[in-house]
Number of protein chains: 2
Amino acid sequence: MDAASTADARAADATLAASRALLGVVARSMVSALEVVTLPQFRVLVVLSAAGPTRMGAVAERMGVIPSTFSRFIDRMVAGGWVERTSSPDSRREVLLELTPSGRRLVDEVTERRREGILAVLSAMTDKQQGAVHHALQAFADAAGEPPAADLLTLGI
Amino acid sequence: MDAASTADARAADATLAASRALLGVVARSMVSALEVVTLPQFRVLVVLSAAGPTRMGAVAERMGVIPSTFSRFIDRMVAGGWVERTSSPDSRREVLLELTPSGRRLVDEVTERRREGILAVLSAMTDKQQGAVHHALQAFADAAGEPPAADLLTLGI
DNA sequence: TCCAAAATGTGTATAATTACAACAGTTGTA
DNA sequence: TACAACTGTTGTAATTATACACATTTTGGA
């Protein structure tokens with residue numbers, strides 16, 4: 001390994017270590033949601049929150065499960081009041097899945113708690129530091145590009 | 001909303017975006033591991049990887065399950081060859097849990113893939129930007145304090 | 001020494017997640 | 001129009017995660 005790639009590797013290690021605090025905020029934001037829905041269930045809520053009403057089969061594919069599994073999985077979420085089945089305007093054989101107000105609220109609360117957690121940390125910094133964080137992390141997010149939604153789905157985020 | 005809180009909100013939004021990118025890297029790094037162990041099982045591997053050989057009851061508490069549940073949970077992980085029970089040198093009633101080589105390899109592979117993912121993002125940035133990202137995350141980590149490991153465990157990381 | 005406490009494991013039970021196979025409407029097209 | 005393809009749901013079944021109550025072994029102190 002040459003000097004440049006060694007330096008790169010060190011930078012990656014340091015960045016990884018420093019990112020733990022940020023991941024901690026993310027994890028905390030989900031704790032209360034995971035007391036009322038399971039992680040796979042929360043994943044469905046995230047998908048629907050991002051994509052809006054979506055066909056059963058399409059969500060099943062996103063989740064990586066076969067339709068029959070998904071149908072009864074959704075039965076439980078409907079029973080819990082998190083999503084509802086609606087009929088598609090396109091075709092009577094299609095069933096659309098939609099967040100209920102409770103489901104939307106749950107996702108929104110997680111997002112809001114995450115924002116608050118980040119703000120709480122930022123507020124302990126000077127304005128100058130905040131500006132630096134803003135620009136640096138903006139650059140990081142840009143360099144990463146939008147992570148494919150399917151990847152985030154692995155952890156249900 | 002005043003100027004200061006607007007700046008706060010902008011920094012928070014940028015941080016949120018970065019956290020999503022970071023989670024994308026984390027999620028991708030875990031995909032292949034989650035094909036051979038479940039998420040709760042991977043969490044145990046992470047605990048043992050960080051703490052070394054640990055008493056059954058202590059790990060159960062970290063995982064937030066009662067010991068009787070944990071005993072059979074570990075039966076499955078032993079059967080899978082990911083961990084092994086060893087007797088404690090301190091007391092014959094204590095059972096220590098330890099990673100097998102396979103278990104350690106699984107965790108190491110995830111860590112390595114995560115490192116590569118971060119590296120891939122950083123390599124799309126200038127050296128100066130890379131330094132800025134590192135410093136920004138370091139400042140964030142300092143302001144946040146050490147995230148309780150229990151929080152990270154929520155996501156299995 | 002003897003017994004309460006500690007640490008773990010078993011018996012029993014429930015809910016969640018998952019798949020495969022078969023079935024029932026619905027749609028579009030040959 | 002008739003039939004194949006599409007979309008979703010049931011029947012059946014295995015595995016996993018989880019808890020409560022109880023049993024077993026070991027330890028440490030009265």
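Observations
- Compared with the direct C-alpha span, the chain from B:Ser88 to B:Leu34 gains 16.4 nm at full extension, assuming 0.36 nm per residue.
- Degrees separating the helix A:127-144 axis from the principal Cα axis of chain A, which is the longest one: 60
- Taking all Cα pairs closer than 8 Å and separated by 6 or more residues, the relative contact order of region B:25-111 comes to 33 percent.
- Summarised in one figure, the compactness ratio Rg/Rh of region A:1-73, Cα atoms and Kirkwood Rh, is 1.22.
- Neighbour counts of other Cβ atoms within 10 Å put A:Ser19, A:Ser91, B:Ser88 in the fewest-to-most order A:Ser91, B:Ser88, A:Ser19.
- Computed over the alpha-carbon pairs of chain A, the distance histogram in 5 Å steps reads 2, 8, 13, 17, 16, 12, 10, 8, 6, 4, 2, 1, 0 percent, short to long.
- In this assembly of identical copies, the label point of A:Ala120 (Cα plus 7 Å along Cα-to-Cβ) is separated from its counterparts by 3.3 nm, sorted shortest first.
- Label 7 Å beyond Cα on the Cβ vector: A:Pro89 copy-to-copy distances, nm: 7.2
- Sorted from nearest, the other copies put their B:Ser32 label points 3.9 nm away, the label point being 7 Å from Cα in the direction of Cβ.
- Summed over qualifying helices (DSSP H, 4 residues or more, each -39500 (n - 2.57)) and divided by its residue number, chain A shows a 222 nm mean residue ellipticity of -22500 deg cm²/dmol.
- Per-residue 3J(HN,Hα) values for region A:118-123, derived from phi via the Karplus relation 6.51 cos²θ - 1.76 cosθ + 1.60 with θ = phi - 60°, read 5, 4, 4, 5, 4, 5 Hz in sequence order (x marks Gly and Pro).
Every read-out reported here was derived from the displayed coordinates using simple, explicitly stated rules and does not represent laboratory data. Just so you know, these numbers come straight off a predicted model, no measurement behind them. Cβ coordinates were reconstructed from backbone atoms using ideal geometry, including for glycine residues, and neighbour counts include every protein chain displayed.
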